[in-house]
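Data first, discussion second: the structure below is written as structure tokens.
Derivation of every value follows stated rules applied to the coordinates shown; laboratory data play no part. As the structure is a prediction and not an experimental result, all values here were calculated from the model. Here Cβ is always computed from backbone atoms with ideal geometry, including for glycine, and neighbour counts include all displayed protein chains.
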Amino acid sequence: MLRFTFVILTFFLLNLSTAVQSDSAADRGAGTYRQCAACHSLGTGVHLTGPSLAGLLGREAGTAKDFGRYSEALRRSGLIWDEKTLDKWIENPTGLVAGTSMRIQGIKDKTARQDLITFLKQSSERRSPNTADATQDQGMMSGMTGGRTLNLKNLSLSQQVTNIRYCGDAYYVSLGTGKTYTFWEFNLRLKTDSSKYGPQKGSPAIVKSGMRGDRASIVFSEPIEISGFIKQQC
């Protein structure tokens, strides 16, 4: 009886040790993922500079739904993302696929790569691609730093741009609050966001930045709005 109890206890401790090691690997991988989060979200269908990493394991390279900015080299590579191909990709993207548009140095530490893959694998297993909650994904992206964290569909008056006037080297941006702010032309970025988080047509949004609030981005729903919305007037 004592021998049987010892065997059961040993089996339990070994499995507990494996689980702890797995969790710590995923935790370390989550830390490494912060370097990726500015360009790659974990949200299903939420694409940033690069494609979403949701459901990555087992997917053919260059085939994420609704992402059209892949390089031809990656589209034609025929790669299937598994632990082996991901390890090579994360180590040296251009070494695996010559001509890829992914221009990063890569992660040379094998343990760090494996931890990141463990994290991505567990992230994929925790959510179904068909039922992932975009709101939760946004929250994760915000916590991981970088990426799209704002829903611009329903704007407050302080976010809503009502008029943009251009004169000399400055833009004069009026908001729904009635206030007008002046930006040096080099400090104002004009962007578009056609996703489900982007602004309503005809209702661009302002996103301020810079330590002194002297920089901002104006986000339109589509490019055709930009020239029609800005008036050149002194």
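Run the reach check for LYS110 against aspartates and glutamates, Cα to Cα strictly under 19 Å, same-chain hits fewer than 8 apart removed. What comes back?
Once the sequence-local aspartates and glutamates are set aside, what remains near LYS110 is ASP23, ASP27, ASP82, GLU83, ASP87, GLU91.
Using θ = phi - 60° and the Karplus relation 6.51 cos²θ - 1.76 cosθ + 1.60, list the HN-Hα couplings for the stretch 79-93 in order, rounded to whole Hz, with x at every Gly or Pro.
Each residue of the stretch 79-93 in turn: 5, 10, 6, 10, 4, 6, 5, 5, 4, 5, 5, 5, 5, 6, x Hz.
How much length is gained on full extension from ALA98 to GLN35, taking 0.36 nm per residue of separation minus their Cα-Cα distance?
Here the answer is 20.4 nm.
Please work out the C-alpha center-to-center distance from the stretch 187-222 to the stretch 156-184 and express it in whole Å.
Result: 12 Å between the Cα centres.
Trypsin sites (Lys or Arg not before Pro), restricted to the stretch 200-232: which are DSSP loop and have at most 10 other Cβ atoms within 10 Å?
Of the trypsin sites (Lys or Arg not before Pro), the ones in loops of the stretch 200-232 whose Cβ has at most 10 other Cβ atoms within 10 Å are ARG212.
Strictly greater than 12 Å: what percent of every Cα pair in the stretch 187-234 meets that?
Roughly 62 percent, rounded to a whole number.
Can you flag which of LYS121/LYS191; LYS88/LYS196; LYS201/LYS231; LYS153/LYS179; LYS65/LYS208 are past 24 Å Cα-Cα?
Those over the limit are LYS121/LYS191; LYS88/LYS196; LYS65/LYS208.
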